[in-house]
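Structure, as structure tokens:
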Amino acid sequence: MSEILTPEEIIKKGELVFKKTKFMTDANLSYCPGCGHGVAHRITMEVIEEMGIGEQTIGVAPVGCSVLAYDFMNIDMQQAAHGRAPAVATGIKRVFPEKYVFTYQGDGDLAAIGTNETIHACNRAENIVIIFINNGIYGMTGGQMAPTTLEGMKSSTSPYGRDVSTMGHPIKITEMVAMLPGVCYATRHAVHKPGLVRKAKKAIRKAFENQRDKKGTSIVEIVSNCNSGWKMTPVDANIWLEENMLPVFPLGDIKG
Amino acid sequence: MAKVRGAIVVDTERCKGCDLCVVACPTDVIALNTQLNGKGFNPAYPANHDACTGCMSCALVCPDMCITVYRYKPQKEAV
Amino acid sequence: MEEVKLMKGNEAVAEAAIREGVDGYFGYPITPQSEVIEYLMLEEPHKRTGMVVLQAESEIAAINMVYGAAACGKKAMTSSSSPGISLKQEGISYMAGAELPCLIVNVVRGGPGLGTIQPSQADYFQSVKGGGHGDYKLIVLAPASVQEMSDFVEDAFVLAFKYRNPAMILSDGLIGQMMEKVKLKPQKERLTEKEIREKYDSWATIGKKETRERNIITSLELKSERQEKHNDKLQAKYREIEKNEVRYEKINCENADYLLVAYGSSARICQKTIQLGKEKGINIGLIRPITLWPFPSDVINEAADKVKGILSVELNAGQMVEDVKLAVNGKIKVEHFGRYGGMIHSPDEVLEALEQKIIK
């Protein structure tokens, strides 16, 4: 016959199974309620903690909602110009090859203004990890059309929906760079459900292990929400993500 | 066999009331408080705490790292 | 033993970089400075010192690679020519804002636009007035010989690290392409990670130890009060540089009646003009600013008390002349003479211009 414990007794007697990693600072995240950035930040830093590489890791966060990532990630960080994170990361990694270097970029940053830097860093097999948050919109500047905005999707610069005949198609940059021999691992994940968070974290771990093993560039795309930009509640945004984003950006390994 | 029990602690001042933990919880433990926190959000709280199994689903999807999870396995104590 | 070699200006910069113990060179080809990266690739400095040489996909990528490496406390540099330097301006502004030391070499060609591949000094404004967005300054050194192309690499890094500020060598196609005898400096060791930690652990992103707070390299400050404070700090640093680091050369100034002000290749040409003047009985002096920023304003102001007029001689349509006029502050007549679009003035042309515009 098991005893009936109160929650307070469970907290006292039980095992602590989840708490915020010390590699995230105590600062309140500047992201909107329900934004996937928080989870993506956290699992990245959990991987760094679990691999014991915090003292050897340098992160690069360029312009976008996550430009302030250095306020939240408790490691040495560099803020980069819009789109230039893979070049900045190249500079770090080339002069400090024994360090772990990652970029944390949004879709506007990585797949529009930074396409050149992204493709060429991948093509040179720069031994870095690219974490790519794809929410199909420019969040920071107020919901403009991104290169990944879906066909027909409304944004402040495609107010009648993205017309692919004049505005281009949603770009699948992870598939594109997966074609390059320099990329050892290209994979797409999401973080809006507990099981998916676990899988995404495993992928990030694998990416950092690839860097440790000097295998080349790893890119982990995370399809995320932007409830403010999409003008939905967080819960509705995640349902919309499943129904609309994932058919265009299907989850799973693309390479490696 | 005794059931695994869990408990959560929510940092209600950090919480932005996004509701994602409420949806993620498989045993309907969490609800949003009708009282606002200092930031003006309705923070999450364990409304039905006894149902908690400590599965961590809420903590895994919480974007703001507001939730700490504890788990208690009674059979361990029997040994 | 002293090592002397016959080298192109561009090659001299490259060899000096290896000997300076530079950790990383990131560049992109453009005429008339491609010999810098070509020389480095041929020399394989990774075998000599461990120095990294990388041909980037663009000038934009190259300057951002410099940003990443410099932010780790490493000696990093890039080189380019005018159109390429325009592309780098965003990165240079970010580096000035984030207070990162580095060396940028500009082997200037004629513009605007794609312009010409021939020598020019038309990037003076871009180099000394900022160039990119925001209130910032580069430390700008102007070599007038292949020897100075070599020597200024060390000087630029010393200044860049002393003030945590980007430094530029502002050369041109003439100095970059011509060959002269160069006395080379001895090889310096590159700094080890331990040495970098000892020197720059207070700011460089080399991995956060438990014993210190994280280091953040950024030029972003969303709160205007704090952004203004940051700008105040930069301005105070710039005043300090202006106080301490002005460099110039005075030639034949003692009893001169007229003064030429010229830098780089123009200054070389003006030295011949001084001789030609002597033959005609005109006593001409020359002030050659070596640092274009900080500009030798005080020296020019003092000199203005002793001469009848000043001619600013430049390979452009009149840029440094504005700083000369500011220095002179209306005391005497200041005029500009220059050829541009890749054309180079002859010593006779300069003398003729002095006679027409100043002496009359």
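Just checking, does region C:46-53 include any residue being more than 10 Å from chain A (Cβ to nearest Cβ), in contact with a Gly (Cβ under 8 Å, 6 or more places away or on another chain) and more than 28 Å from C:Val321 (Cα to Cα)? Can you show your working first?
Initially, region C:46-53 is screened for residues more than 10 Å from chain A (Cβ to nearest Cβ), giving C:46-49.
Still in the running and in contact with a Gly (Cβ under 8 Å, 6 or more places away or on another chain): C:49.
Adding the requirement that they be more than 28 Å from C:Val321 (Cα to Cα) leaves C:49.
So far as region C:46-53 goes, yes, one or more of its residues are more than 10 Å from chain A (Cβ to nearest Cβ), in contact with a Gly (Cβ under 8 Å, 6 or more places away or on another chain) and more than 28 Å from C:Val321 (Cα to Cα).
Just checking, how many residues over region A:53-74 are of a type in the set (A, V, I, L, M, F, W, C), under 21 Å from C:Val66 (Cα atoms) and free of Cβ contacts under 8 Å to residues at least 60 places away in the same chain?
Residues in region A:53-74 being of a type in the set (A, V, I, L, M, F, W, C), under 21 Å from C:Val66 (Cα atoms) and free of Cβ contacts under 8 Å to residues at least 60 places away in the same chain: 3 in total.
Looking only at region C:198-219, which residues are surrounded by fewer than 15 Cβ atoms within 10 Å (Cβ to Cβ) and either within 7 Å of chain A (Cβ to nearest Cβ) or under 31 Å from the mean Cα position of the chain (by Cα) (or both)?
First, pick out the residues of region C:198-219 that are surrounded by fewer than 15 Cβ atoms within 10 Å (Cβ to Cβ): C:198-199, C:202, C:209-213.
Passing the criteria: C:Glu198, C:Lys199, C:Ser202, C:Lys209.
Just to be sure before I move on: is A:Thr166 without any contact (Cβ under 8 Å) to a residue 12 or more places away in the chain, out of contact with any Pro (no Cβ under 8 Å at 6 or more places or on another chain) and either among the β-branched types (Val, Ile, Thr) or within 20 Å of A:Thr118 (Cα to Cα) (or both) in the structure I sent? Talk me through it step by step, then tell me what you get.
Values: without any contact (Cβ under 8 Å) to a residue 12 or more places away in the chain: yes; out of contact with any Pro (no Cβ under 8 Å at 6 or more places or on another chain): yes; either among the β-branched types (Val, Ile, Thr) or within 20 Å of A:Thr118 (Cα to Cα) (or both): yes.
Taking the combined requirement at face value, the residue satisfies it.
Would you point out which residue out of C:Leu87, C:Leu100, C:Leu141 is aliphatic (A, V, I, L, M), away from chain A (no Cβ under 14 Å) and within 24 Å of C:Ala69 (Cα to Cα)?
Of the residues listed, the single one that is aliphatic (A, V, I, L, M), away from chain A (no Cβ under 14 Å) and within 24 Å of C:Ala69 (Cα to Cα) is C:Leu141.
I'd like to know if region B:10-23 contains one or more residues that are β-branched (Val, Ile, Thr), surrounded by fewer than 23 Cβ atoms within 10 Å (Cβ to Cβ) and out of contact with any Phe, Trp or Tyr (no Cβ under 8 Å at 6 or more places or on another chain).
Yes, the conditions are met somewhere in region B:10-23.
So, in region A:22-54, of the ones that are surrounded by fewer than 19 Cβ atoms within 10 Å (Cβ to Cβ) and either among the acidic types (Asp, Glu) or at the interface with chain B (Cβ under 8 Å from one of its Cβ atoms) (or both), which residue ends up nearest to B:Glu13 (Cα to Cα)?
A:Asn28
Do you know which residues across region A:55-86 are surrounded by fewer than 22 Cβ atoms within 10 Å (Cβ to Cβ) and more than 8 Å from chain C (Cβ to nearest Cβ)?
Within region A:55-86, A:Asp71, A:His82 meet the criteria.
Return yes when C:Glu57 is part of a loop (DSSP other than H, G, I, E, B) and among the acidic types (Asp, Glu) and no when it is not.
yes
In region C:115-172, what residues are among the β-branched types (Val, Ile, Thr) and in contact (Cβ under 8 Å) with a residue 24 or more places away in the chain?
The answer is C:Thr116, C:Ile117, C:Val128, C:Ile139, C:Val140, C:Val146, C:Val153, C:Ile169.
Going through C:Gly277, C:Gly285, C:Gly338, C:Gly264 one at a time, which residue ends up being touching a strand residue (DSSP E or B) at 6+ places or on another chain (Cβ under 9 Å), at positive phi, crowded, with 17+ Cβ neighbours inside 10 Å and small (Gly, Ala, Ser)?
After ruling out the rest, the residue left standing is C:Gly264.
Any residue at all in region B:7-24 that's more than 11 Å from chain A (Cβ to nearest Cβ), out of contact with any Asp or Glu (no Cβ under 9 Å at 6 or more places or on another chain) and hydrophobic (A, V, I, L, M, F, W, C)?
Yes, because at least one residue in region B:7-24 is more than 11 Å from chain A (Cβ to nearest Cβ), out of contact with any Asp or Glu (no Cβ under 9 Å at 6 or more places or on another chain) and hydrophobic (A, V, I, L, M, F, W, C).
Across region A:117-136, what is the number of residues that are in a helix (DSSP H, G or I), touching an Asp or Glu at 6+ places or on another chain (Cβ under 6 Å) and either at pLDDT below 95 or within 18 Å of A:Ile58 (Cα to Cα) (or both)?
Residues that pass the stated criteria total 0.
Does C:Asp298 qualify as being in a helix (DSSP H, G or I), surrounded by 17 or more Cβ atoms within 10 Å (Cβ to Cβ) and outside the structural domain of C:Ala122 (by TED's automatic domain parsing)?
For C:Asp298, the condition - in a helix (DSSP H, G or I), surrounded by 17 or more Cβ atoms within 10 Å (Cβ to Cβ) and outside the structural domain of C:Ala122 (by TED's automatic domain parsing) - is not met.
Just one of the numbered conditions (1) surrounded by 15 or more Cβ atoms within 10 Å (Cβ to Cβ); (2) without any contact (Cβ under 8 Å) to a residue 24 or more places away in the chain; (3) more than 8 Å from every other protein chain (Cβ to nearest Cβ) is not true of B:Met56; which one?
(3)
What residue, of C:Leu191, C:Leu222, C:Leu184, C:Leu234, is farther than 29 Å from C:Glu349 by Cβ and loosely packed, with under 13 Cβ neighbours inside 10 Å?
Values: C:Leu191 fails: loosely packed, with under 13 Cβ neighbours inside 10 Å; C:Leu184 fails: loosely packed, with under 13 Cβ neighbours inside 10 Å; C:Leu234 fails: loosely packed, with under 13 Cβ neighbours inside 10 Å.
After applying the criteria, what remains is C:Leu222.
So, of the residues in region A:1-21 that are more than 20 Å from the chain's Cα centre (by Cα) and among the basic types (Lys, Arg), which turns out to be farthest from the other protein chains (Cβ to nearest Cβ)?
Here the residue is A:Lys12.
Matching residues to (1) at pLDDT below 95; (2) of a type in the set (A, V, I, L, M); (3) in contact with a Cys (Cβ under 7 Å, 6 or more places away or on another chain):
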| residue | (1), (2), (3) |
| --- | --- |
| A:Val183 | no, yes, yes |
| A:His192 | no, no, no |
| A:Lys199 | no, no, no |
| A:Glu209 | no, no, no |
| A:Gly216 | no, no, yes |
| A:Val220 | no, yes, no |
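Would you mind finding the one in A:Cys226, A:Cys184 that is touching a residue at least 24 places away in the same chain (Cβ under 8 Å), within 14 Å of chain B (Cβ to nearest Cβ) and either of a type in the set (Val, Ile, Thr) or touching a Gly at 6+ places or on another chain (Cβ under 8 Å) (or both)?
Result of the check over A:Cys226, A:Cys184: A:Cys226.
Tell me whether region B:26-40 contains one or more residues that are at the interface with chain A (Cβ under 9 Å from one of its Cβ atoms), of a type in the set (S, T, N, Q) and more than 16 Å from A:Ile11 (Cα to Cα).
no
Would you pick out the residues in region C:304-314 that are in contact with a strand residue (DSSP E or B) (Cβ under 6 Å, 6 or more places away or on another chain) and not charged (D, E, K, R)?
If the condition is that a residue be in contact with a strand residue (DSSP E or B) (Cβ under 6 Å, 6 or more places away or on another chain) and not charged (D, E, K, R), then C:Val307, C:Gly309, C:Ile310, C:Leu311, C:Ser312, C:Val313 are the ones that fit.
The values are calculated or read from the model by the stated rules, or taken from the named source; none is laboratory data. Treat the numbers as computed from the prediction; the structure is a model and nothing was measured. Cβ sites come from the backbone with ideal geometry, for glycine too, and all protein chains shown count toward neighbours.
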